[in-house]
Each structure stands twice: as structure tokens, then as C-alpha cells.
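K.L.:
Please read through the structure below; I'll follow up with questions.
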Amino acid sequence: LLLSEIGQRIGAEIRTLDIPWGEVATLEQIEAAIVAHRPQVFAAIHGDTSTTMAQPLDGVGALCRRHGVLSYVDATATLGGMAVATDAWGVDVVTGGLQKCMGGPPGSSPITISDRAAAHIMKRRHVEAGIRGADLDEGPGALIRSNYFDLAMIMEYWSEKRLNHHTEATSMLYAAREAARVMVEEGLEARFARHRAAGAAMSAGLRAMGLTLYGQDAYRMTNVTGVYIPDGVDGERVRARMRGEFEIEIGTAFGPLAGKIWRIGAMGYNAMRHKVLITLGALDAVLRAEGYVPPAGAAIEAARAVYEAEP
């Protein structure tokens, strides 16, 4: 929903592929929507934290190219925690964020752009008059209305031309580099496995409490787990007690899921065995205080079993 609103705010004509919350779109559904609406850009969220589902993207890039459509993926919630296979997917533009699985500060957005998308962006290149030189050709396309988010000028800024665009937030660049260094030092596959184990342990522990998970197991994000609030339990009181008594934040939900589920994240530094066990233990204690009594010790034992089964 937010991605649609962002597009509308800049004047884009939006068509959405509407599917039930908690489900993901098939390639057939995506292609049918593209054929019906003939968009310039197909946009998708890789990991939707609102529904805790991860959209499969294999074949999306090839499908879009077949129909002459540019493709964009928002991987903010998955970059660093799940594989973001830009080249394998054949996607044109992918953006992320530092503050989720990468474990960095918010405020900076990594981006990757295909040659195809770059050529399209450069058709709209219009350089500021004060820095325009004879060696810079203007693009034939429409002016990009935002100066700060003018990707054509930003790409020139980072090119060998070093075209002045803005004063860089160097502290954010250092933070981004450090977050990436830590990821590479750990190893991407090891990092993805750590997030998978945390998500699986969290899911097993919640189920052992007698709680019902939200969504489809096959498409569940490894780093966010949705769980239905038990009947008779005040979800906001539980969240408040988790914060006040244990200094642990679990998420509420939005739209049709508001007041129905909690969303429990295990991202970056928090995707660790002791963090998962502490969270499950705290939730068990708070639920007991609120009148819902899970089987004693079951959550911790179920989560431990997942970790002990890991190679």
C-alpha cells in the first residue's frame, strides 16, 4: 500500500495486483496484470513486513523484459537476511535499507541499477544550470521533478565525472560500508542461515505455546514472524508489558490485520539463539500474567530443538 501511495504522490498512475493478505502473487498473475495494464514499471516488495510474506521473484525479470517493462524491487526488509538475487532474478532496480537485517542506522538506501534502467534514466538527464558544462548532453525526456532524488544527476555524481550534486552524508557512507563489511566478514550464506534458523526457532516456539502463525509457511520471511493474538488476550497490553518488563518490542499490525496479529522480528544482531530464547521466554511470562497459560517450558524446548538440529 505504501509503495502505491509513494507512486501516486509523484503523479504515477497506479494499478495494483490485489491478492488476499498473507498470500503471494504467482508469475501467471503478474503476467496477466502486465498484459492487462501495460505499465512502464512493475514494482514489488520482496519481504512485506506487513504480512510477513516473501514474494518469490524468480522469472520476474525475464517476464518484464519480454513485455518491455522495467522492474523494481524493494528489498528493504530482506537485504542482509535473505538472498537478494538481483542478477538471477533479472530485475532492473533494487533498493534496500541499512536498518533491518544489515544492522546499520536508518537514513541511507543502497541501490543497484541495470544498464537497461540506467539508459532509461539518462534519457531524463537535465543538469543544474550552474554546473552544466558543454560536455554534458541533456536528455530528451521529461524533467525529473525532484532535485535531491534525481537519479540521473546522482549517477553522474558517483561516476568518473564526479558531477556535483549535494554534500554527501559521509557518516552514513562509513556506516553503510561498515555494515557491509560485517556482512561479508560473516559470509552471506552463513548470515542467511542464521536468519533462517532464528525464524524457524521463533515459529517452532510460538507453535509450542499453542499459538497459530499467520500466513503461508512456504513463503514466510525468515526474519519476521506473524502470530495470531489468542482469544481473550489484549494484544496491546501484552506489547506494553513486553516493553515495560523485558525491554522487548514486538510489533503490531496494519490494515485488516490490526489487532489480530503480532509481528515478531529477528533481524541482524537480533537473529541469534539467545535473543530468540529470551523473547519466547518473555512472551510466555507475559501471556501467563494475562491469563493465557502455554504448556510449561514448551516454547524454549521447541526453539532449542530447531537450533540443535541445525548442521
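The values are calculated or read from the model by the stated rules, or taken from the named source; none is laboratory data. Remember, predicted model here, so these are calculated numbers, not experimental data. Backbone-built Cβ (ideal geometry, glycine too); neighbour counts: all protein chains shown. Only protein heavy atoms, including side chains, enter the accessible area calculation; ligands, DNA and RNA are left aside. Shrake-Rupley method; radii C 1.70, N 1.55, O 1.52, S 1.80 Å.
K.L.:
Over 16 Å from residue 219 (Cβ atoms), surrounded by fewer than 21 Cβ atoms within 10 Å (Cβ to Cβ) and in contact with a Phe, Trp or Tyr (Cβ under 7 Å, 6 or more places away or on another chain): does that describe residue 35?
P.N.:
No: the conditions fail for residue 35.
K.L.:
Turning to a different aspect of this structure: Against the conditions (1) open to solvent by 30 Å² or more (accessible area, probe 1.4 Å); (2) in contact (Cβ under 8 Å) with a residue 24 or more places away in the chain, where does residue 250 fall short? Just the number, please.
P.N.:
Tallying (1) open to solvent by 30 Å² or more (accessible area, probe 1.4 Å); (2) in contact (Cβ under 8 Å) with a residue 24 or more places away in the chain, residue 250 fails exactly one: (1).
K.L.:
Name, by its number, the condition in (1) of a type in the set (D, E, K, R); (2) crowded, with 21+ Cβ neighbours inside 10 Å; (3) modelled with pLDDT under 95 that does not hold for residue 92.
P.N.:
(3)
K.L.:
Where in region 1-113 are there helices (runs of 4 or more DSSP H), lying fully within it, with 3 or more residues that are over 20 Å from the mean Cα position of the chain (by Cα)?
P.N.:
The helices (runs of 4 or more DSSP H) meeting that bar are 27-37, 60-66.
K.L.:
Condition test on residue 172, is it among the aliphatic types (A, V, I, L, M) and modelled with pLDDT of 95 or more?
P.N.:
For residue 172, the condition - among the aliphatic types (A, V, I, L, M) and modelled with pLDDT of 95 or more - is not met.
Matching residues to (1) open to solvent by less than 50 Å² (accessible area, probe 1.4 Å); (2) of a type in the set (S, T, N, Q); (3) on the phi < 0 side of the Ramachandran plot:
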site: 146; (1), (2), (3): yes, yes, yes
site: 165; (1), (2), (3): yes, no, yes
site: 178; (1), (2), (3): no, no, yes
site: 186; (1), (2), (3): no, no, yes
site: 191; (1), (2), (3): yes, no, yes
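K.L.:
Is it fair to say residue 191 is of a type outside the set (A, V, I, L, M, F, W, C), farther than 16 Å from residue 104 by Cβ and in contact (Cβ under 8 Å) with a residue 12 or more places away in the chain?
P.N.:
No, not satisfied.
K.L.:
Which numbered condition in (1) within 19 Å of residue 198 (Cα to Cα); (2) touching a helix residue (DSSP H, G or I) at 6+ places or on another chain (Cβ under 9 Å); (3) open to solvent by 10 Å² or more (accessible area, probe 1.4 Å) is the only one that residue 84 fails?
P.N.:
Of (1) within 19 Å of residue 198 (Cα to Cα); (2) touching a helix residue (DSSP H, G or I) at 6+ places or on another chain (Cβ under 9 Å); (3) open to solvent by 10 Å² or more (accessible area, probe 1.4 Å), only one is false for residue 84: (2).
K.L.:
Anything in region 284-311 that is of a type in the set (Ser, Thr, Tyr) and either under 24 Å from residue 102 (Cβ atoms) or part of a helix (DSSP H, G or I) (or both)? List them, or say none.
P.N.:
Scanning region 284-311 gives a single hit, 307.
K.L.:
When you check residue 257 against the structure, is it open to solvent by less than 30 Å² (accessible area, probe 1.4 Å) and in contact with a Pro (Cβ under 8 Å, 6 or more places away or on another chain), yes or no?
P.N.:
Criteria not met by residue 257.
K.L.:
Here is a further query. May I ask you to say which residue of 117, 152 is at pLDDT 90 or above, within 23 Å of the chain's Cα centre (by Cα) and of a type in the set (Gly, Ala, Ser)?
P.N.:
117
K.L.:
With a cut-off of at least 3 residues that are closer than 30 Å to residue 133 by Cα, name the helices (runs of 4 or more DSSP H) lying wholly within region 162-251.
P.N.:
170-186
K.L.:
Still on this structure: Being buried (at least 23 other Cβ atoms within 10 Å of the Cβ) and in a strand (DSSP E or B) is the filter; apply it to region 263-283 and report the residue that is nearest to the chain's Cα centre (by Cα).
P.N.:
Once the filter is applied, the top-ranked residue is 265.
K.L.:
Here's something else I'd like to know. Scan 196, 162, 177 and give me the residue that is basic (Lys, Arg) and touching a residue at least 24 places away in the same chain (Cβ under 8 Å).
P.N.:
Of the residues listed, the single one that is basic (Lys, Arg) and touching a residue at least 24 places away in the same chain (Cβ under 8 Å) is 196.
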